[in-house]
1. Just checking, which of 110, 86 is surrounded by fewer than 23 Cβ atoms within 10 Å (Cβ to Cβ) and touching a helix residue (DSSP H, G or I) at 6+ places or on another chain (Cβ under 6 Å)?
2. For the subset of the range 19-69 comprising residues that are over 15 Å from the mean Cα position of the chain (by Cα) and closer than 21 Å to residue 126 by Cβ, which member is surrounded by the fewest Cβ atoms within 10 Å (Cβ to Cβ)?
3. Go through the range 91-127 residue by residue and tally those that are within 8 Å of the chain's Cα centre (by Cα) and within 9 Å of the ligand (Cβ to nearest atom).
4. Do we have residue 158 as more than 8 Å from the ligand (Cβ to nearest atom) and either surrounded by fewer than 17 Cβ atoms within 10 Å (Cβ to Cβ) or farther than 25 Å from residue 15 by Cα (or both) here?
5. Might you check whether a residue that is over 19 Å from residue 96 (Cα atoms), at pLDDT 90 or above and in a helix (DSSP H, G or I) occurs anywhere in the range 165-177?
6. Quick one: in the range 15-28, which of the residues that are more than 11 Å from the ligand (Cβ to nearest atom) and out of contact with any strand residue (DSSP E or B) (no Cβ under 6 Å at 6 or more places or on another chain) is modelled with the lowest pLDDT?
7. Here are 99, 159: which of them is assigned to a loop (DSSP other than H, G, I, E, B) and farther than 28 Å from residue 34 by Cβ?
8. Any chance you could count how many residues in the range 37-53 are free of Cβ contacts under 8 Å to residues at least 24 places away in the same chain and more than 23 Å from residue 168 (Cβ to Cβ)?
Ligand SMILES: CC(C)(COP(=O)(O)OP(=O)(O)OC[C@H]1O[C@@H](n2cnc3c(N)ncnc32)[C@H](O)[C@@H]1OP(=O)(O)O)[C@@H](O)C(=O)NCCC(=O)NCCS
């Protein structure tokens, strides 16, 4: 099935986030000019991380792949960017085949994992999908992706997970996902008070 590529600006403000060990990232909408940094992100992720992201051997990182990663079909991507401009995390919120459904995919650079960044990006993904008017959320990982499952359970999404031999699949009404993940029900997109790792609003 051929999808037309539609870039929809992410309706979110950049948010500065303090991570452990004095590291700071800004989470902001990805842009076409981020392609090179996204290629570097992939080069700095190990095979297991890339396999978990793509559920198969990772695709060749071509200009077409990069375009799709920063401007996903009918959706948007958010990047976590360091002070020096490195992209260390990326979440895509993409229109799924089912009407009204957003598919969410996450990638955190190996040396930035286990500091809360994946959870933070997932929460931003949920928030962004809601703000873009989607009603349901899906996400898929390999059945062996225990770290993804633990993260989704910690976000309160355990009841919406289904696992078969090959995949773990999240399927949840977005409103339920937002409540489970503790997002502000008023959807004040500048409110970062509930971010898990000390977010500060952009100046
Ligand atoms: C799944 C993935 C996104 C999780 O990202 P992450 O940034 O490591 O996630 P978090 O940091 O929020 O949580 C991971 C762990 O760090 C721990 N953690 C969070 N903040 C922490 C902190 N400040 N100090 C120490 N540990 C911390 C969490 O408790 C969690 O521990 P657990 O795995 O033992 O339960 C990441 O592993 C990844 O990119 N995997 C490859 C791609 C993928 O699987 N994508 C999903 C399918 S599309």
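1. Working: 86 fails: touching a helix residue (DSSP H, G or I) at 6+ places or on another chain (Cβ under 6 Å).
Exactly one residue qualifies, and that residue is 110.
2. This residue is 55.
3. Total satisfying the criteria: 9.
4. Values: more than 8 Å from the ligand (Cβ to nearest atom): yes; either surrounded by fewer than 17 Cβ atoms within 10 Å (Cβ to Cβ) or farther than 25 Å from residue 15 by Cα (or both): yes.
For residue 158, the condition - more than 8 Å from the ligand (Cβ to nearest atom) and either surrounded by fewer than 17 Cβ atoms within 10 Å (Cβ to Cβ) or farther than 25 Å from residue 15 by Cα (or both) - is met.
5. No, every residue in the range 165-177 fails to be over 19 Å from residue 96 (Cα atoms), at pLDDT 90 or above and in a helix (DSSP H, G or I).
6. 22
7. Working: 159 fails: assigned to a loop (DSSP other than H, G, I, E, B).
On inspection, the qualifying residue turns out to be 99.
8. So the answer is 1.
The values are calculated or read from the model by the stated rules, or taken from the named source; none is laboratory data. On a predicted model such as this, the values are computed, not experimentally measured, just so you know. Ideal geometry is used to build each Cβ from the backbone, glycine not excepted, and the neighbour counts take in all protein chains shown.
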